[in-house]
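Q: One structure follows; several queries about it will come next.
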Amino acid sequence: MRIVFIGPPGAGKGTQAERLIEKYGLAHLSTGDMLRAARDAQTDVGRKAEEYMSKGELVPDEIIIAIIGQRLAQPDCQGGCLLDGFPRTIAQAEALDALLAEKQTPLDVVLELRVPEEELFNRLAGRGRADDQPEVIRQRLVAYRRQTEPLLEYYGAKSVLKSVDGLGTVDEIFDRVVDVLDNVKES
Ligand code: ADP
């Protein structure tokens, strides 16, 4: 299965992703994790990315698309993958469509994890990552609304979008997501 996981910062994608990759045997492609690893390793890409991440802005599309293109070509992605935090712009979504069309491996489902904004802010403020300062959180939420939310319409029009309520316990949310994915698998 090839799954795109969409949701605002703080929606709990990372937590659910960890469980999903285990259950379905998927490769986990988190662009946030990849960028933080590049930053910590002080590579050129990592240094460039940090300029944007530290402000809560999106890293330029061409950087992200290059990273994902390389990652999708790795053997572990052949058995299916969970894209977590990518795509985040229409340009990224179009690039992903082109990459997958080349391989004739379309997306099976785009999962949206829905959480109200006031809840997001509280969750993020309690987390303590370097980009979890109030001003940076606000900017990340703005970036989500402006640049990523339009993807819901993009994927809705392709009839691959499924939305899941992201409020509740980790177990409750996982059960909802699994219900959706099991239905997709059967159809
Ligand atoms: P969150 O969803 O909690 O903001 P992520 O770990 O997904 O956290 O992303 C952290 C930061 O990494 C983002 O604020 C952004 O700067 C950068 N980033 C991650 N994925 C992308 C992407 N697909 N396009 C552009 N920037 C990205």
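The values are calculated or read from the model by the stated rules, or taken from the named source; none is laboratory data. Remember, predicted model here, so these are calculated numbers, not experimental data. Reconstructed Cβ throughout: ideal geometry from the backbone, glycine too, with neighbour counts over all protein chains shown. Surface areas here come from the heavy atoms of the whole protein model, side chains and all, with no ligands, DNA or RNA. Shrake-Rupley method; radii C 1.70, N 1.55, O 1.52, S 1.80 Å.
Q: Skipping prolines and chain starts, which residues have an amide H placed within reach, meaning under 5 Å, of the one on Ser30, given they are 5 or more residues away or on another chain?
A: Asp84
Q: Using the Karplus curve 6.51 cos²θ - 1.76 cosθ + 1.60 with θ = phi - 60°, work out ³J(HN,Hα) for each residue of segment 58-72 in order, rounded to whole Hz, and write x for Gly and Pro.
A: 3J(HN,Hα) across segment 58-72, in whole Hz: 6, 5, x, 3, 5, 5, 5, 5, 5, 4, 5, x, 5, 5, 5.
Q: Ignoring ligands, DNA and RNA, please state the percent of accessible area on segment 2-179 from carbon and sulfur, probe 1.4 Å. Intermediate results must be reported in sequence, preceding the final value.
A: Numbers: 4290 of 8840 Å².
Using a 1.4 Å probe with all protein chains present, segment 2-179 comes out at 49 percent carbon and sulfur.
Q: Here's another thing I want to ask about it. For Met1, what accessible area in Å² do you get when you roll a 1.4 Å probe over the heavy atoms of the protein chains, rounding to the nearest 10?
A: Accessible area, nearest 10 Å²: 40 Å².
Q: Among Pro106, Val4, Pro75, which residue has its Cα furthest toward the positive end of the charge dipole of the chain, with +1 on Lys/Arg Cβ and -1 on Asp/Glu Cβ?
A: Most positive-ward Cα: Pro75.
Q: Here is a further query. For the chain, count all C-alpha to C-alpha pairs, find those more than 22 Å apart, and express that count as a whole percent of the total.
A: 45 percent
Q: If you average the C-alpha positions of segment 124-177 and of segment 33-50 separately, how far apart do those two centres end up, in angstrom?
A: So the separation of the two Cα centres works out to 23 Å.
Q: Further, regarding this structure: Please list 3J(HN,Hα) in residue order for segment 173-186, calculated via the Karplus relation 6.51 cos²θ - 1.76 cosθ + 1.60 where θ = phi - 60°; whole Hz, with x for glycine and proline.
A: 5, 4, 4, 5, 5, 4, 4, 4, 5, 5, 5, 5, 4, 6
Q: Let me spell out the model: positive unit charges on the Cβ of Lys and Arg, negative unit charges on the Cβ of Asp and Glu, origin at the Cα centre of the chain. What dipole size does that give, in debye rounded to 20?
A: Working: 24 positive and 32 negative charges, 51 e Å.
Around 240 debye, computed over the chain.
Q: Now, a different point. Rank these by accessible area, largest first, 1.4 Å probe: Asp84, Asp179. Intermediate values should be presented prior to the final figure.
A: Values: Asp84 15, Asp179 100 Å².
I get Asp179, Asp84, largest accessible area first.
Q: Here is a further query. Taking amide H positions as placed in the peptide plane 1.01 Å from N, state which residues far from Leu167 in sequence (5 or more) or on other chains have amide H under 5 Å from it.
A: It is none; the list stays empty.
Q: Accessible area per residue, 1.4 Å probe, Å², for the chain: what's the number?
A: Numbers: 9480 Å² over 187 residues.
Spelled out: the 1.4 Å probe surface of the chain, per residue, equals 51 Å².
Q: With a ≥ b ≥ c the root eigenvalues of the C-alpha gyration tensor of segment 77-187, is it rounded (a/c under 1.5), prolate (a/b larger than b/c) or oblate? The partial results should precede the final answer.
A: Working: a/c = 2.07, a/b = 1.38, b/c = 1.50.
Because a/c hits 1.5 or more and a/b fails to exceed b/c, segment 77-187 counts as oblate.
Q: Could you list which residues have their amide H under 5 Å from that of Arg2, counting only those 5 or more apart in sequence or on another chain, with H placed in the peptide plane?
A: Placed amide hydrogens put Cys81, Asp108, Val109 under 5 Å from Arg2.
Q: Taking a probe of 1.4 angstrom, what is the accessible area of Leu161 in Å², to the nearest 10?
A: Roughly 50 Å² of Leu161 is accessible to a 1.4 Å probe.
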